[in-house]
Amino acid sequence: MEILVKTLVNHLQSLPNVELKVNQTIKEIQFQENTQIEISTQSNEKYHIDHLISAL
């Protein structure tokens, strides 16, 4: 799981339209039926990511 999170963070940081907050704690990662992922943080922010699996 730790490798997945590191890979996910690295990929998100490479996207021009994504700004990650320093020390943001991920509370939950949900894998949807298709290739989408939903990430929830401790501050109750939610991020929806499309086609992440193919990007990794």
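So here's what we get for this one:
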read-out	value
Net dipole in debye of the chain [+1 Lys, Arg Cβ; -1 Asp, Glu Cβ; about Cα centre; nearest 20]	160 debye
Helix-derived mean residue ellipticity, 222 nm - over the chain, DSSP H n ≥ 4, -39500 (n - 2.57), to 500	-7500 deg cm²/dmol
Base-10 log of normalised Debye intensity for the chain (one unit scatterer per alpha-carbon) at q = 0.14, 0.16, 0.26, 0.31 Å⁻¹	-0.34, -0.46, -1.32, -1.67
Lys27-Glu2 pseudo-label distance in nm [points 7 Å out on the Cα-to-Cβ vector]	2.4 nm
Computed label-point distance, nm, for sites Asn34 and Ser14 using a 7 Å Cα→Cβ extension	2.3 nm
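Read-outs: derived from the displayed coordinates by stated rules, not from any lab. Everything quoted here is computed from the prediction, not taken from an experiment. Heads up, the Cβs are rebuilt from the backbone with ideal geometry, glycines too, and the neighbour counts pull from every protein chain shown.
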